[in-house]
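Inspection log for the structure reproduced underneath, given as structure tokens.
Computed from the coordinates by the stated procedures, all read-outs in this text should not be read as laboratory data. The structure displayed is predicted, hence computed values, not measured ones. All Cβ positions, glycine included, derive from the backbone under ideal geometry; neighbour counts span all protein chains shown.
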Amino acid sequence: MDDGSNFICADKDFRRSKVCIAGIPYDGTSSNRPGARFAPRAIREASHGIESYSIYKKKDLGDKSISDMGDIPLPLGDAKFAMEIIKSFVSPVLRKKKCFFLGGEHLITLPIVDVLSTMYDNLFVVQFDAHADLRDSWMGQKLSHASVMRRIAEIVGFEHLLQLGIRSGTEEEFRLPYRDKLLCEDFSRAGEFVKIIGKNPVYLSIDLDVLDTSIAPGVGTPEPGGRSFTELIETLIKFSSLNVVGCDLVELSPHYDPSGNSSTVAASIVKEAIISLF
Ligand SMILES: [Mn+2]
């Protein structure tokens, strides 16, 4: 039943659905502007203000069979404990459905990829982000949204981490293995990345701050000089021929944008990503 509390068109029973949406409202390691825990709710609400039809793909979200499981109940404190809870929740779901996860801060991607790495060989991860997120630790913490892609690279291999839109990081981050070939400050290498991934499984993680701050100011760590909405959608469409095993959208911090536009942009990305990738 569609009572407005789910994402638009995500009104199917879980068992009958092909795609599952789940919220992961965790922001315990946000270093700058917390509030991503409120994002899943804001994205669902904003989704009811947009059309379900995609002018880019000439397809309607309503033609997909989608369920919305609501949010994972999570503690606000200990990151390690929260990651274990996320793993135990997403593990059985990922084995049955294609999943789109609504963050939450970027650290939520780690337990998802951890589970997927036990299910698939040669898993690739494509990260859309302003930030490299490759620090070994942040303020002494190995589990941090600023270190999430370092932890992920340690699981899937640095040669399986492909980064797009990255315009912020330390000198050390940009010198890590394969970054000269697999880190791109804009989206110009997307076509190359599609060829590198080939038939292998791939997980896509979209940090909303990959877009310019003028388009989506409601993020935890804003970074000017970003990409446009249509550039992002056109790039997602380039990945649509691949074996996409899951996707997330993270780092929306809705209360920093009182206009609500950032939440609408986020909801539109979720819609277009599901239509294009699943
Ligand atoms: Mn970021």
How large is ³J(HN,Hα) for each residue in region 79-91, as worked out from phi by the Karplus curve 6.51 cos²θ - 1.76 cosθ + 1.60 (θ = phi - 60°), to whole Hz, x for Gly and Pro?
5, 4, 5, 4, 5, 5, 5, 4, 4, 5, 7, 7, 4
Determine which lysines satisfy two conditions relative to LYS97: a Cα distance under 16 Å, and not lying fewer than 8 residues away in the same chain.
LYS12, LYS18, LYS64, LYS87
Compute the relative contact order of region 16-277 as a whole-number percentage, counting only Cα pairs closer than 8 Å that sit 6 or more residues apart in sequence.
25
With a 10 Å Cβ neighbour count serving as the proxy for reagent exposure, in which order, fewest first, do LEU164, LEU102, LEU208, LEU242 appear?
LEU242, LEU164, LEU102, LEU208
Test of the criteria: in region 131-189, which trypsin sites (Lys or Arg not before Pro) are in a DSSP loop and have at most 12 other Cβ atoms within 10 angstrom of their Cβ?
ARG175
Taking only Cα atoms and a 10 Å spring cutoff, compute GNM fluctuations for the chain and point out the largest among GLY35, GLY198, GLY260.
GLY198
Tell me, MET83, MET149 in order of fewest to most beta-carbon neighbours within 10 Å?
MET83, MET149
